[in-house]
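As structure tokens, the structure follows; a few thoughts come after it.
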Amino acid sequence: AAYGSAADHPYFDLPEIVPLRPITADGTGNRQARLYLLELFHGRTCAFKDMALSVLGGFLRESLSRMGRKEPVLVLTATSGDTGSAALEGLSAIEGIHTAVLYPEKGTSEIQRLQMTTVGLERRFVAGIQGNFDDAQNAVKLIFARAARGEGPLAGVRLSSANSINIGRLLPQIVYYVAAWRALASRGALGAGGLMHVAVPTGNFGDILAAKYAKEMGLPIDRLICASNANKVLADFFETGVYDRRRELLMTESPSMDILLSSNLERLLYMAAGKDPARVSSLMGQLATMGRFAVNDAEKAYLADFSSGWCSDSSAKSAIAQIWESDSLLVDPHTATAVEVAMRLSPRIADDAPIVIASTASPFKFPRACLDALGCEVSGEGDLELAARLAARTGCAMPGSIFSLASKKVLHDRILPVESVEEVLGQYARTKMGAKA
């Protein structure tokens, strides 16, 4: 209900918006298996970020109206691939809202990049940066901090964000975990005490934090399974209690998880520390200066409902092939990472509760990895050609929004050094939004 229906809200392409599908993934065909995929990619940009960003624009519009504000707003967005396109799409119809997106020049799939760089120019700014997602995210946070102090070229500009540093982006994500629980309840598929577990492919920690918030609000979730790729800083944290980002950032087949500085973990630390801002400030200060921090025993006890694991690209591709063989369902590398970790941890979770796996992106956003997983040769072709091959190989329909990219021109081709981002955005605000110099 929070998102309407596909009939009255054409942002989504299925009436149920977030279908919940049982999978076996083990070749047995046993439909009593406890794994379920919660498909969150049926919005316009084919990723779970559509779920929140389809409503964030309405939140902003209503908030500005209630505050009596009429000046334009610049929504700053750092993206590892999916948030940027979802923000550009979800906010485009809101008059007075300008959207600025920064993406890592070499850290997205080709289709993710095309979804951002082919959008129209009106009230939109899109640029690649010479760095990784952490660099883009830090640039956005620095701009906010400087503007709040009245410093820099964006001082005086009304700023917002489509990243989960904006709690209005995060809160709508709670809804689909409630929807998953209700779907399981209607099927009589919940465990003892009405419990379910949740497994989430995790990079910046927002999606699994929404599940934690749902649990804190009373939703009967037991285990929260944090699934990482080879950039396993979070998996290590939940295993050891030490968060250490002093490692090389690896480029993987699941680029939306190629992150070493998980921004939303700060919110979890706030709860773990008994809502003590001084303690959180101390931990984040250690992370900034030393690259690591360690939680104490009481804080680690608060995190006891989290389980964690990680898998390599090769293991994720094996999971893609296994799910296709067992269930005739095609999943992307991020989802496959969570499936693989959930299957590994399942024997340790000795109860009958189902495990709901957040399926966060359409496989057609990552056709190269999916075709490779299915044993197809993928060298020498672009992602759009590979997406067409993936559709032909599997019989699965390519989403129309991806199919249409082939006929679109790249309109945003700017690549910026990180240190110039603030000044260039200031110039945009002056020329496009009427901001004062």
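Bear in mind that the values in this text are calculations on the coordinates, not laboratory data. Note that this is a predicted model, so its numbers are computed, not measured. Note that we place each Cβ from the backbone using ideal geometry, even for glycine, and neighbour counts take in every protein chain shown.
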Cross-link reach list, lysines versus K300, counting only Cα pairs under 27 Å and skipping chain neighbours closer than eight places: K212, K215, K232, K275
Under 5 Å, built H, 5+ apart or other chain: amide partners of A78: L102, N163
Please report, in whole Å³, the volume per residue of the convex hull around the C-alpha atoms of region 225-314. 87
Between the residues Q115, V410, G285, the Cα farthest towards the positive end of the dipole of the chain, that dipole coming from +1 and -1 charges on the beta-carbon of Lys, Arg, Asp and Glu, is from G285
Cut-off 10 angstrom, C-alpha nodes, Gaussian network model of the chain. Which of A162, A148, A319 fluctuates the most? A148
Amide H contacts of R124 (H built 1.01 Å from N, under 5 Å, at least 5 apart or other chain): T99
Residue-ordered couplings for region 161-170, obtained by feeding phi - 60° into the Karplus form 6.51 cos²θ - 1.76 cosθ + 1.60 and rounding to whole Hz (Gly and Pro as x), are 9, 8, 7, 6, 5, 8, 4, x, 7, 7
Of I320, P354, P367, which is farthest along the charge dipole of region 320-437 in the positive direction, counting Lys and Arg as +1 and Asp and Glu as -1 at C-beta? P367
T79, T108, T337, T289 arranged by Cβ crowding within 10 Å, fewest neighbours leading: T289, T108, T79, T337
Restricting to Cα pairs below 8 Å that are 6+ residues apart, what does the relative contact order work out to for region 19-141? Please round to a whole percent. 21
Cβ-placed point charges (K, R +1; D, E -1), dipole of the chain about Cα centre in debye, nearest 20: 1140
Enumerate the amide H contacts of I357 below 5 Å, restricted to partners 5 or more residues apart or on another chain; note that Pro and chain-start residues carry no placed amide H. Y36, L37, L38, A199
Can you classify region 278-380 as rounded, prolate or oblate using the Cα gyration tensor, where a ≥ b ≥ c are the square roots of its eigenvalues, rounded means a/c under 1.5, and otherwise it's prolate if a/b beats b/c and oblate if not? oblate
Restricting to DSSP H runs of at least four residues, report the calculated mean residue ellipticity at 222 nm for the chain, -39500 (n - 2.57) per run over all residues, nearest 500 deg cm²/dmol. -12500 deg cm²/dmol
Table column - 3J(HN,Hα) (Hz), region 311-317, Karplus curve with 6.51, -1.76, 1.60, x for Gly and Pro: 8, 7, 4, 5, 5, 5, 5
Which of [x] 0.95; [y] 1.52; [z] 1.29 is the computed Cα Rg over 2.2 N^0.38 Å? It is [x]
Convert each backbone phi in region 135-142 into a coupling constant with the Karplus relation 6.51 cos²θ - 1.76 cosθ + 1.60 (shift: θ = phi - 60°), then list the ³J(HN,Hα) values in order as whole Hz, x for Gly and Pro. 5, 5, 5, 5, 4, 5, 5, 5
Cα-Cα separations in region 37-129 greater than 21 Å, expressed as whole percent: 31
Taking every DSSP bridge whose two residues both lie in the chain, the antiparallel percent to the nearest 5 is 20
Magnitude of the Cβ-charge dipole of region 29-90, K/R +1 and D/E -1, about the Cα centre, nearest 20 debye? 180
Full extension between D276 and D305 adds, at 0.36 nm per residue less the Cα distance, a length in nm of 8.4 nm
Gain upon complete extension [A148, M217; 0.36 nm per residue less C-alpha separation]: 21.7 nm
Relative contact order computed over the chain (Cα-Cα under 8 Å; 6+ residues apart), in percent: 21
With a 10 Å Cβ neighbour count serving as the proxy for reagent exposure, in which order, fewest first, do T431, T252 appear? T431, T252
